[in-house]
Amino acid sequence: MFGNWRDAGQLEPVPACEDPPVECDVCGRSTWRWPVPPTVWEEEIWSCLWCHAATRVGGEWFEISRPPYLPLGMRWEKAVADGLVSGVSHAFGIFDKTLCGIQEAGMSPSDHWWLPEREDACGACREAASLIDDRWPRVMRGEDARVSVARRL
């Protein structure tokens, strides 16, 4: 997940001015702001290290956007980087790492889904994806379980 996904609790937060941590609406844990410069629309992305729920704050159309739960086969993009071993498909996680913790220069998500049921899927990514999926409470898996708040025009 982030480094060794079993050690996610040891990560340090990304400073977000003096703002208090944002609580994950799915599991209640603290979320961490992506260490990327804000977009022209002043959008920030916050992700939960535990359940991987993402929340986008700001942006052109939403004040708060919370993507819904997606099943394993539709949740992760395949990771692409020159340093990844060929013949093994890794899931692109958050903070520019694979779910199994690999971080390569220039790594990005591809335009294709990472499919955990395929033979070439990384076993450690598959295990992490399954563990993350189990962390989403059943009540938060419905299409309307996460609330997004649109800016009034």
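The values are calculated or read from the model by the stated rules, or taken from the named source; none is laboratory data. The model shown is predicted, which means the values in this text are computed figures rather than measured ones. Keep in mind that these areas ignore ligands, DNA and RNA; they rest on the heavy atoms of the full protein, side chains included. Shrake-Rupley method; radii C 1.70, N 1.55, O 1.52, S 1.80 Å.
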Does segment 54-93 come out rounded, prolate or oblate, given a ≥ b ≥ c as the square roots of the eigenvalues of its C-alpha gyration tensor, rounded meaning a/c under 1.5 and, failing that, prolate meaning a/b above b/c?
oblate
Per residue, how many Å² of accessible area does segment 37-123 show with a 1.4 Å probe?
56 Å²
Mind checking the log10 I(q)/I(0) for segment 24-153 at q = 0.13, 0.18, 0.19, 0.22 Å⁻¹? Debye, one equal scatterer per Cα, no solvent, two decimals.
-0.58, -1.05, -1.14, -1.36
